[in-house]
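J.: One structure is given below, represented as C-alpha cells, and several questions about it will come after.
Every number here is computed from the coordinates shown, using simple stated rules; none is lab data. Since the structure is predicted, the reported quantities are computational estimates derived from the model, not experimental observations. Cβ placement follows ideal geometry from the backbone for every residue including glycine, while neighbour counts extend to all protein chains displayed.
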Amino acid sequence: MACTSAGKYDPDTNRYSCQVTGDDCMFMRPDSKACAEMFNEGPDSDDGEITLEEMNDLPVESVVGIPCRSCEGHEDHTKLQDGTWKCNNCGDVKDMNTD
Ligand SMILES: [Zn+2]
C-alpha cells in the first residue's frame, strides 16, 4: 500500500477509506504522492513541491523547503518582508518570481 492514510478496503465501492478526508480514497490504489500532487491532501502533501501562488500567499517568516542553487538541494527557506526567500542553510536569497 502506497498511502499511510489509507484505511479499510470497502469491497462494495472497490475503494479504500481515507483517514485524512474521512471519505473514500480518490484512487483505486491508494497513492499518497499522487494525492498530494493532485489534491494537496494526504500524508505527503507537505513534502511535495509548493506552487508559486501558494508561496506568494504565505505570510512573512514562513518556512518552506525549496530548491537552493547554492546548496544544490532542497533546503528550508524563510520568507522575507519583500517576498523573497532566504535559504536557512547558506543565506542565499531567492526571488521566486524572477528565478
Ligand atoms: Zn542554500
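J.: In square nanometres, what is the average projected area of the Cα convex hull of segment 52-94?
T.: The orientation-averaged projected area of the Cα hull of segment 52-94 comes to 2.6 nm².
J.: Which one of 84, 38, 26 is farthest out on the positive end of the charge dipole of the chain, using unit charges on Cβ (Lys, Arg +1; Asp, Glu -1) and the Cα centre as origin?
T.: Comparing the listed Cα positions along the dipole, 26 ranks first.
J.: Given C-alpha coordinates of the chain, what is the ratio Rg to Rh with the Kirkwood estimate of Rh? Intermediate results must be reported in sequence, preceding the final value.
T.: On the way: Rg = 17.3 Å, Rh = 15.2 Å.
Looking at the chain, the ratio lands at 1.14.
J.: Taking amide hydrogens as modeled 1.01 Å from N in the peptide plane, which residues meet the under 5 Å criterion relative to residue 92, leaving out close sequence neighbours?
T.: 87
J.: Based on DSSP H runs of at least 4 residues, each adding -39500 (n - 2.57), what is the mean residue ellipticity at 222 nm of the chain after dividing by all its residues, to the nearest 500 deg cm²/dmol?
T.: Calculated at 222 nm, the ellipticity per residue is -3500 deg cm²/dmol.
J.: May I ask for the net charge around residue 7, where only other residues with Cβ less than 12 Å from the Cβ of residue 7 are counted and Lys, Arg are +1 while Asp, Glu are -1?
T.: -1
J.: Here's something else I'd like to know. On a full-extension model of 0.36 nm per residue, what is the gain between residue 69 and residue 53, subtracting their alpha-carbon distance, rounded to one decimal in nm?
T.: Fully extending the segment from residue 69 to residue 53 adds 3.7 nm.
J.: Next up: How do 27-34, 72-79 rank on mean C-beta neighbours within 10 Å, highest first?
T.: Values: 27-34: 16.9, 72-79: 15.1.
In decreasing order of mean packing, 27-34, 72-79 become 27-34, 72-79.
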